[in-house]
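The block underneath contains the structure these notes are about, expressed in structure tokens.
The values are calculated or read from the model by the stated rules, or taken from the named source; none is laboratory data. As the structure is a computational prediction, the values presented were derived from the model and not from experiment. No Cβ is skipped: glycine too gets one built from the backbone with ideal geometry, and neighbour counts run over all protein chains shown. For accessibility, only protein heavy atoms count, side chains too; no ligands or nucleic acids. Shrake-Rupley method; radii C 1.70, N 1.55, O 1.52, S 1.80 Å.
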2 protein chains.
Amino acid sequence: MTSEATPAPGRVGDVRRRNLALVLGCLGPDAVASRAEIAAVSGLTKASVSSLVADLLETGLLEEVGVTRGGERGRPGVGLALNPRRGALGAEVNVDYLAVGVLDLRGQLRVHETVEASNQGRAPGDVLADLHGLAARVRDAASADGVELLGGGLAVPGIVDATSGRVATAPNLGWDDVPLADALEDLVPGTPFAAELSNEADSAALAELWYGRGRALGSYLYLSGEVGVGGGLVIGSQLFTGAGGHAGEVGHVVVDPGGRRCSCGGRGCVETVAGQEAILGAAGITGGGSTTTGRLAALTRSLDAGDDRAIRAVKRAGEALAVAVVAAARLVDLSAVVLGGHFGLLRDVLGPALDETLDDLAPGRIAAVTFSDLGASAAVTGAAGAAVRRALAAPHALLG
Amino acid sequence: MTSEATPAPGRVGDVRRRNLALVLGCLGPDAVASRAEIAAVSGLTKASVSSLVADLLETGLLEEVGVTRGGERGRPGVGLALNPRRGALGAEVNVDYLAVGVLDLRGQLRVHETVEASNQGRAPGDVLADLHGLAARVRDAASADGVELLGGGLAVPGIVDATSGRVATAPNLGWDDVPLADALEDLVPGTPFAAELSNEADSAALAELWYGRGRALGSYLYLSGEVGVGGGLVIGSQLFTGAGGHAGEVGHVVVDPGGRRCSCGGRGCVETVAGQEAILGAAGITGGGSTTTGRLAALTRSLDAGDDRAIRAVKRAGEALAVAVVAAARLVDLSAVVLGGHFGLLRDVLGPALDETLDDLAPGRIAAVTFSDLGASAAVTGAAGAAVRRALAAPHALLG
DNA sequence: TCCATATAGTTCAGAACGAATACTAATTCA
DNA sequence: TGAATTAGTATTCGTTCTGAACTATATGGA
């Protein structure tokens, strides 16, 4: 939900809260800067920065890392950097696996464990029990590695309400209106920033923004090819959640008004052409007891072998995605796309088809079509990264 | 352009600036409230509100309007309301007319004058000279009516850069890269808030938000049927300008990937089906020396007469708009649409076609399709309203 | 070696501001 | 007439940033 202009009165203390976050914002994941440099960049006075940094050192978010040489002459500054011994936990429940990881403030994924398992149709309670076992192991590993957790996040492939911690619906898991508030509580017990629930495509889009292709772009449409076609819109280096809180639902943009009925009740949606089932079906790769992963592998083999039917199916998917991408380009004035999830496997065929169709439908409009290189850890990284950002945006919560 | 997180240091004075605007924000166009009521609504203390109101009275934005009865007992409060003797000027250059008006802080359009003239292909300088003559008359009328101007705005049917005051391109005027900084300066000379340039569809969308259908909606896609098909996205009661600053360009969303080439170089765009020329052409209403307004009148006569070709052309436009509306619904999670401009003339045929197609392509997704009732003054009202909002958001600029 | 110069960082007085509290003002009701 | 109730003001206090003066630590040349 886009935040309504809450009539919150400005208090004197707000200024300090804002400036504490401002100082942290001057330090990227890898940056080292002295108090004087921070003062110059932020526009704050040296006196204010000194005072703010003292507080931030107390929170443990910041640490001093020896001296820095600025100009040739004069007293050297004391280097300041984000403390790599603080971090957040990210978790992901997906159709074929569970994954949990710990990301530190410097953006390093310090621990990452994945458990393959088919969670489709399992009772949420059973899945969550497995997840918590995995999370406990990961927390222990992080602790052994010297990382103290500040918070966490959980990503699921479905429509979620972050404020209440409920999964409204996750069709591919078979979940419907599942409350996860307790599960979130148990994920990172006793940390100052409670774990939050998020959509898997949104988390992956954010991981891309903070630690992947998106850093150089700032604004882009992230397309996630999973069982469905998910999407996340990043506008001006921020996740755009739209009017109702669930923007970027690319899978059900209409690309063919006269096309096939979709499971959503609509007609001619992207998913009816570019969803996994649609592609595999059109390519003639039948279910036959095989897993989705196995069938996708068969598809890539067919593509490599030059199988005409497979190539046409993937090309058709690329064309459908192009129509949706143009709609995004026009409606929210985007000019970049990042493709992730299983689309990466199809890139050799999908990329050219997408490029070509974009050039026909809206020449010159899309400047950059890129494929993600974050791999399978995107959602976990994004979920943990969001918790890290929450901490860096609200350092005052860590002060007495 | 979505504002990058400018590293602006928070200063002590920011708190007061914010709270001054907060107090004004508690007073809608028609609202009257006492200091005590404002304190209760805003969360500020009575003492702070008293102090803030004293400053605001000094700016002239606020005025005392007699006593108010709160509860049954106790001292009555002093009513506070926005001062209707302050306002802003809105101007519009369009293909068939020039218009200038003055809107007061209470949202009343106190003066509004329109001059019919075909501005297509005229030199920008000539058009602007006419506009300034009109603006001078309107300023005099406002002054005679006791309204003091705080600022202004100018809306044009094209892509603009508000920060530099340039029109990048306005195809239907035949303008290309026209600098309007001087013209804006002359529009409201000597006012504290400089006039700003805006897109006509965006201004109309904002007028809808502040003074029309949008008040009840908060988030919607505004569709403006002019020579082209313009659009404005309002998300969470704010104009959404997207990644590049020009969101809502509905006219070139692809609705038929195999469709006709568009003047933009693309294919199957909304405008190739729902633009004025496309509808008139498909309806068989030829140019024949007649003005666009005349041809549109002929179209509505044909519709009223039950002419099949005309009805099919408008229905086809409704279907095309539906595809674009679904794209917006999915991508930015909208559920409401407001139709303005010349679409209002076609509402009897266009509305049902739109509803029906929406129900086929995305059943239940769009909750509200409404037609604007602001008429021809939408863009002028929006341009002036934006200036009013700027003043109400930055009252400190009016203090010594 | 020693001092001028340059840069980093701290200390302290001052101003701006909202919060809390106690006060005055104006009204109703018994 | 006075108690109760509500509106609004005055005063004191704590928080925070700013700016200027100050201390700390380096380089480089006499």
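Numbers for the structure displayed
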{"item": "Given charges at Cβ of Lys, Arg, Asp, Glu: chain A dipole, positive-most of A:Val229, A:Ala144, A:Ala362", "result": "A:Ala362"}
{"item": "For the range B:91-170, the fraction of alpha-carbon pairs in successive 10 Å shells from zero, as %", "result": "16, 48, 31, 5"}
{"item": "Rounded accessible area of A:Leu299 (nearest 10 Å², 1.4 Å probe)", "result": "0 Å²"}
{"item": "Which of A:Val369, B:Val102 is most accessible, then next, and so on - probe 1.4 Å", "result": "A:Val369, B:Val102"}
{"item": "Nearest-first distances (nm) between copies at B:Gly375, label 7 Å from Cα via Cβ", "result": "6.6"}
{"item": "Exam field: B:Asp161 pseudo-label spacings to other copies (7 Å along Cα-Cβ), nanometres", "result": "4.5"}
{"item": "Rg(Cα) / (2.2 N^0.38 Å) computed for the range B:89-232, rounded to two decimals", "result": "1.01"}
{"item": "Residue of chain A nearest the A-to-B rotation axis [by Cβ], rounded angstrom distance", "result": "A:Ala327, 2"}
{"item": "Chain B - mean residue ellipticity at 222 nm from DSSP helices (-39,500 (n - 2.57) per run, n ≥ 4, rounded to 500)", "result": "-12500 deg cm²/dmol"}
{"item": "Loop sites in the range A:58-139: trypsin sites (Lys or Arg not before Pro), DSSP, at most 10 other Cβ within 10 Å", "result": "A:Arg69, A:Arg73"}
{"item": "Shielding of B:40-46 by partner chains, average beta-carbon count, 10 Å", "result": "2"}
{"item": "For chain A, built as a Gaussian network whose Cα springs stay under 10 Å, the top-fluctuating residue of A:Val95, A:Val338, A:Val23", "result": "A:Val23"}
{"item": "Globularity ratio of the range B:271-313, using Cα Rg and 2.2 N^0.38 Å", "result": "1.03"}
{"item": "Per-residue average of Cβ from other chains inside 10 Å of A:253-259", "result": "6"}
{"item": "Pairwise centroid distance, computed over Cα atoms, of the range A:267-311 with the range B:160-238, Å", "result": "46 Å"}
{"item": "The range A:230-298: trypsin sites (Lys or Arg not before Pro) in DSSP loop, at most 15 other beta carbons within 10 Å", "result": "A:Arg260"}
{"item": "Area of B:Trp210 that stays accessible when all protein chains are in place (1.4 Å probe, Å², to 10)", "result": "40 Å²"}
{"item": "Three-way shape label, the range A:150-236, alpha-carbon gyration tensor, a/c 1.5", "result": "oblate"}
{"item": "Tensor-based shape of the range B:338-392 (alpha-carbon gyration tensor, a/c under 1.5 rounded, otherwise prolate or oblate)", "result": "oblate"}
{"item": "Test item: B:8-19 mean partner chain Cβ contacts at 10 Å", "result": "5"}
{"item": "Per residue, the convex hull volume that the Cα atoms of the range B:1-159 enclose (Å³)", "result": "159 Å³"}
{"item": "Centroid-to-centroid separation of the range B:332-357 and the range A:371-400 [C-alpha atoms, Å]", "result": "41 Å"}
{"item": "The range B:7-98 shape via C-alpha gyration tensor axes, a/c threshold 1.5", "result": "oblate"}
{"item": "With DNA, RNA and ligands ignored, accessible area of B:Lys315 (1.4 Å probe; Å², nearest 10)", "result": "100 Å²"}
{"item": "Selected from B:Ser50, B:Ser290, B:Ser34 as most flexible by GNM, with chain B as the system and alpha-carbon contacts under 10 Å", "result": "B:Ser290"}
{"item": "Using a 7 Å Cα-to-Cβ projection, A:Ser263 label spacings across copies, nm, ascending", "result": "4.4"}
{"item": "Furthest towards positive pole of dipole, B:Ala327, B:Gly382, B:Gly66, structure part the protein assembly as shown, Cβ charges", "result": "B:Gly66"}
{"item": "Selected from A:Ala135, A:Ala353, A:Ala54 as most flexible by GNM, with chain A as the system and alpha-carbon contacts under 10 Å", "result": "A:Ala54"}
{"item": "Dimensions (Å) - the range B:210-316, Cα atoms, principal axes, largest first", "result": "42, 34, 24"}
{"item": "The range B:99-135 versus the range A:88-133: alpha-carbon centroid distance in Å", "result": "61 Å"}
{"item": "Between 0 and 90°, nearest 10: helix B:46-59 axis offset from chain B longest Cα axis", "result": "70 degrees"}
{"item": "Residue order for B:Tyr211, A:Tyr220 - accessible surface, 1.4 angstrom probe, largest first", "result": "B:Tyr211, A:Tyr220"}
{"item": "Largest to smallest principal axis extent of the C-alpha atoms in chain A, angstrom", "result": "69, 50, 45"}
{"item": "Rg/Rh for the range A:274-400, where both radii come from Cα atoms and Rh is the Kirkwood radius", "result": "1.12"}
{"item": "Kirkwood-type radius of the protein assembly as shown, with distances r between different C-alpha atoms, in Å", "result": "28.8 Å"}
{"item": "Counted charge near A:Gly165, where neighbours are those whose Cβ lies closer than 9 Å (Asp, Glu -1; Lys, Arg +1)", "result": "-3"}
